[in-house]
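Okay, so here's the structure we're looking at.
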Amino acid sequence: MDMARRFRAAALAAGCLALAPHARADGTDCRVVTVDFVPGDTLTHTPMRTPLQIVAWLEDASGKFVDTVYITQQTGTFGLGNRPGRFDFNSGPMWPYGRRTTVFPVWAHRHGLEFAQVVFQDGRDSELSHDLEQSSSERHYCKPLRADEGRWAEADAGTCASTIYTDKGTFSAQKSLYPPRADLARDAGRDSGDVAAFAQKNPFDAVSGATPVMGAPAEVTWSVPPTLPAGDYVLWIETSREFDHNETYSELAYPAPTITSFADWGRPYRGQPSVLYKVPIAIAWSQTSGTTASYAGYGDPTGDDGDVRPPDATITSNVVGSGAQRFAMAPGGYRVRAVAQPEPDFALPGAPAEPLVVDLTDRSATIEFVAPGDDGTTGKVKGYEVRMAVGTDITEDGFDGAMRIADEIKPVLPGAVQQLALKNLLFETDYVVAIRAVDNCRNAGPITLVKFRTHERASGEVDACFVATAAYGSPLAADVGMLCQFRDAALRQSVLGELAVEAYYTFGPAVAGAVSESDLLRATARAALAPIVAWARLFRP
C-alpha cells in the first residue's frame, strides 16, 4: 500500500478510537449467540488436507428444530450435499462431483426442508466424463486428479491447475435433503435452465461461512430472531471430515465405486461418520452460557437416517482432529462453548474504504481495502460478504443475486488494511467485485466496488495433455485420459518418444489456446486426433 493510503488508514483508525458511538434512530438492540471451538489440526494419516465441515442448529427443549445457526460454505453455498454424481465417487482436493449425502445426516433429516436432487444433464450419474457442450467454466472447484499426480498437492493448497469446465447439473424428480449450489451465474449456452433457480432454492447462504482454520480458535455468531421466545434450548453441532479413516471405517470397508472410466482418480473418502456435540443454552435478555467437553454421538455412516448413535468404540477418541476429537479441547476445558447475550446495535457497518488491486495475474488478483467499523466507524465487523460479476456492474439491489465467492476474510480493527485473495479467474476478463461488511445483528453496510481486468494468458500455463483437453473440452473426456496414459506409459519409455513429448509441450500451448476458443477448431482437432486415438487404443496399457 502506498504511503498516502497508509496515512489515511492510520488517520481513520485513530478517528475510530476517538469517536463515541451514536445510537440508531430506532434504538434497536439484538440478541446474539456466539459459539466458539477449536477445529482439530490436520490429520497426519490422510492423503490430503481435510478441512472440517460444520453445521450448527438450535432446537427447543422439546427437540423441535428452530433454525440453522451456521454451516460451512462447501455445503451451505457450494452444494456439497447436492451436486451431480453418485454419492460414493472418490474425492480429492476441491473435488467437483458427487452428492455427499453423508456429510450432515442428522441435520439433514431434522431441518424439515426438501430440495430437488441435482443430476448430470445427460443422466449418467456414474460417469466423471461429460460433454463440453454441457459443461461451463468452473470458478470454485478444481478438476479431479489422480492421487499420484504432482498437481494433487497444488490443488490441495487451494489453487486449481487451470481453468476447467464442469457440468453443473439439472433438477430431477428425486428429492434431496441438501441445498443446491448458490454461487452460480448461468451460462445459457451450456448450463441447464434449472441453474438459474439454484440460488433461489438455497435458504442457507445467509448463514454460510468460511471453513475455520484447523488448529486455531474459531468463533461463529448467530443473530437471534426477534420473535424467538426466551427459554431453554439445545445447540447441536455436527462435524464431518473426509478421509477420517480408522480400523472400522477404512478404505477396505468403504472402497472406491466400480465405474467404467476414471476409477483410479481420487481416493475413497468415506471414513468415520459425522460426529455431534450438544450444548444446552438458555436464551433471554441477559447473558447465559453452556459448554460440553465430550461428543454426544455420531450420525448414520450411510446418511439414510437422522438418528444419533451413542458413543462407542468404533469412533476414534485419542487422536486430535479425528473422530470424537474433531474439536480439540479448548484452554477452558471444553470442546464447544455457547454464549447468549443481548448486543446494542448503534449503527449499520461502514463501507470498505480505499480499495486497491495490489497483485494481478492472468488467473488471480489480490485486493486491499481499509476495514470499516461494526457501527459506522467503531468496533470490529463480524465479517464480509463478497460477490463477483463478469463484464457488468453490481448494484446494492442486485448484490444478493450476484455470484458469491468464498469470503475467507478474517476481520481486523477499523482502519487497518484487509486483504482479499481471488483465485481461479479467467485470463483477459473484466471483473467487478462487490464487498460489504456485516455486523453481529446481521445488518449489512453499503457495498464497495472493485473493477479490474486480468492479464493475458501466461506463457506455458496449460494443462498436461493440453491439446487433447482443448479439443475435447474437458480433461475428463475418456479419450483425453487414454491419450495421457498412453503418453506416460508408452511414449516416455523411449528416446524418440520422449522427444515427441517434449516437442508437444513446446508447441502445444499456442495451439491449445487457439483450439480451446473455437468450436470449429475443436471439431477439427478432434478429427485430427482420431487416428492417434485409434492407434493408442491398440497399445493401451
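Every number in this text was worked out from the coordinates using simple rules, so none of it is lab data. Quantities reported herein were computed from a predicted structural model and do not represent experimental measurements. Counting neighbours? That spans all protein chains shown, and the Cβs are built from the backbone with ideal geometry, glycine included.
Applying the Karplus relation 6.51 cos²θ - 1.76 cosθ + 1.60 with θ = phi - 60° to region 194-203 yields 3J(HN,Hα) values of 5, 4, 5, 9, 3, 5, 5, 8, 9, x Hz, where x marks Gly and Pro. With R₀ fixed at 30 Å, the C-beta to C-beta distance from residue 400 to residue 126 puts the FRET efficiency at about 0.25. Restricting region 108-201 to GluC sites (Glu not before Pro) that sit in a DSSP loop and have at most 16 other Cβ atoms within 10 Å of their own Cβ leaves 114, 149.
Taken as Cα centroids, region 266-321 and region 50-124 sit 16 Å apart, rounded to the nearest whole angstrom. Summing charges over all other residues whose Cβ lies under 12 Å from the Cβ of residue 431, with Lys and Arg as +1 and Asp and Glu as -1, gives +2. The protection proxy used here, the mean number of other Cβ atoms lying within 10 Å of each residue, ranks peptides 248-256, 214-222, 66-74 as follows, highest first: 66-74, 214-222, 248-256.
Close amide H contacts of residue 67 (hydrogens built in the peptide plane, cut-off under 5 Å, sequence separation of 5 or more or a different chain): 58. If you take all other residues with their beta carbon under 15 Å from the beta carbon of residue 32, and give Lys and Arg +1 and Asp and Glu -1, the sum is -4. Near residue 32, the amide H atoms lying under 5 Å from its own belong to 224, 341, 343; only residues 5 or more places off or on other chains count, and H is placed 1.01 Å from N.
Loop-resident trypsin sites (Lys or Arg not before Pro) (DSSP state other than H, G, I, E or B) in region 55-111 with no more than 11 further Cβ atoms inside 10 Å of their Cβ: 64.
Our coupling estimate for region 104-121, obtained by passing each phi through the Karplus curve with A = 6.51, B = -1.76, C = 1.60 and θ = phi - 60°, is 9, x, 5, 4, 4, 7, 9, 6, x, 9, 9, 10, 5, 6, 8, 10, 4, 4 Hz, Gly and Pro reported as x. For region 262-395, the residue among 327, 351, 266 whose Cα projects farthest onto the positive side of the dipole built from Cβ charges is 327.
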